[in-house]
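The values are calculated or read from the model by the stated rules, or taken from the named source; none is laboratory data. These numbers were taken from a predicted model, which means no experiment stands behind them. In case anyone asks, the SASA skips ligands and DNA or RNA and just uses the protein heavy atoms, side chains included. Shrake-Rupley method; radii C 1.70, N 1.55, O 1.52, S 1.80 Å.
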Amino acid sequence: MMHAFQDPSLEEQKADFRKILENRYRKVKAFTDTHHSEVVSALPFNSGYFMSLHLTGIDAELLRMELLNKKGIGTIAIDPETLRIAFSSLDEDKIDAVYSAIYETAKNLLRV
């Protein structure tokens, strides 16, 4: 750790990682601001790590399992109406596809 803290490029590396997280946040925010659903709504968020979706008419654990088993998307069911997503682990170019799959899967579960 001491060696890492003494590295002259540490601040530059931290700034680079902050920018990556900021870009991911902005991409998720843009998606949730422009995609509206009767089933899924984004709860307020402002970090570059996690965000939660409020679900109406479907169970978060059921959605979590459907996403994991059929789409390979890992999420966390916080309670029956809240799904948490760690978007910090998503590459920026995958965000739209992952969130589209989440919204579509939620909509399809409402129909079942």
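Can you compute the helix-only [θ] at 222 nm over the chain? Use -39500 (n - 2.57) per DSSP H run of at least 4 residues, normalise by all residues, nearest 500 deg cm²/dmol.
-15500 deg cm²/dmol
Taking amide H positions as placed in the peptide plane 1.01 Å from N, state which residues far from Ala77 in sequence (5 or more) or on other chains have amide H under 5 Å from it.
Arg84
Out of the total accessible area of the chain (probe 1.4 Å, heavy atoms of protein only), what percent is carbon and sulfur?
Working: 3910 of 7170 Å².
Accessible surface attributable to carbon and sulfur in the chain totals 55 percent.
What do you get when you divide the Cα radius of gyration of the stretch 23-87 by 2.2 N^0.38 Å, with N the number of residues? Present the calculation step by step, with values, prior to reporting the outcome.
Details: Rg = 11.5 Å, N = 65, 2.2 N^0.38 = 10.7 Å.
After normalising by residue count via 2.2 N^0.38 Å, the value is 1.07.
Relative to the first principal axis of the alpha-carbon coordinates of the chain, what is the inclination of helix 95-111, with its axis defined by its Cα atoms, in degrees from 0 to 90 and to the nearest 10?
It is inclined by approximately 20 degrees.
Could you please state, rounded to a whole Å, how far the C-alpha centre of the stretch 90-112 is from the C-alpha centre of the stretch 1-36?
If we compute the Cα centre of each part, the gap is 23 Å.
Over the chain, with the other protein chains present, what is the accessible area per residue in square angstrom, probe 1.4 angstrom?
Numbers: 7170 Å² over 112 residues.
Accessible area per residue, the chain: 64 Å².
Which shape class, rounded, prolate or oblate, goes with the chain when its Cα gyration tensor gives a ≥ b ≥ c as root eigenvalues, a/c under 1.5 marks rounded, and past that a/b bigger than b/c marks prolate? The partial results should precede the final answer.
Working: a/c = 2.71, a/b = 2.28, b/c = 1.19.
It is prolate, given that a/c is not under 1.5 and a/b is the larger ratio.
Which of the residue pairs Lys19/Lys107; Lys29/Lys71; Lys14/Lys71; Lys19/Lys70; Lys27/Lys71 have a Cα-Cα distance greater than 30 Å in the structure shown?
On the way: Lys19/Lys107 33 Å; Lys29/Lys71 22 Å; Lys14/Lys71 32 Å; Lys19/Lys70 32 Å; Lys27/Lys71 21 Å.
Over 30 Å apart, Cα to Cα: Lys19/Lys107; Lys14/Lys71; Lys19/Lys70.
Starting at the first residue of the stretch 12-27, write each ³J(HN,Hα) from the Karplus equation 6.51 cos²θ - 1.76 cosθ + 1.60 with θ = phi - 60°, in whole Hz, x for Gly and Pro.
Once θ is set to phi - 60°, the couplings for the stretch 12-27 become 5, 4, 4, 5, 4, 5, 4, 5, 4, 5, 4, 5, 5, 4, 4, 5 Hz.
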